[in-house]
Amino acid sequence: MNTVIWIISGIAGVSVPALTFRMFFREEGDFGDAVGHVFTPDIFSALNGEYWEDRWNTFKMFLWLALGAGAFFAARTGLLKLFGPEG
């Protein structure tokens, strides 16, 4: 049963970001820009005049990933409460 809980939780953790992808990254290059800004140090973004764009894209990426992680842990916790931790 524990394996089934892991699989269902994984499906929830992947499907929520998949379903909310267009809500966070509306235009074609938004996701690439967000990934680029996540890995660009803030000082370089500030020197390029993109500091607030960097902060916004980093926040969007963090929130999008946190929704997926939250869905995974919520599904796992809920299923464990319903069916118990026995294996």
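The values are calculated or read from the model by the stated rules, or taken from the named source; none is laboratory data. Only a predicted model underlies this, so the values are computations on that prediction, with no experimental measurement involved. Cβ sites come from the backbone with ideal geometry, for glycine too, and all protein chains shown count toward neighbours.
Overview of results
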item: Helices (runs of 4 or more DSSP H) fully within the range 16-87 counting 2 or more residues that are surrounded by 17 or more Cβ atoms within 10 Å (Cβ to Cβ), of a type in the set (G, A, S) and modelled with pLDDT of 95 or more; result: 51-83
item: The range 7-36 residues that are free of Cβ contacts under 8 Å to residues at least 40 places away in the same chain, paired with ones that are among the β-branched types (V, I, T) (beta carbon under 8 Å, 6 or more apart); result: A34/T58
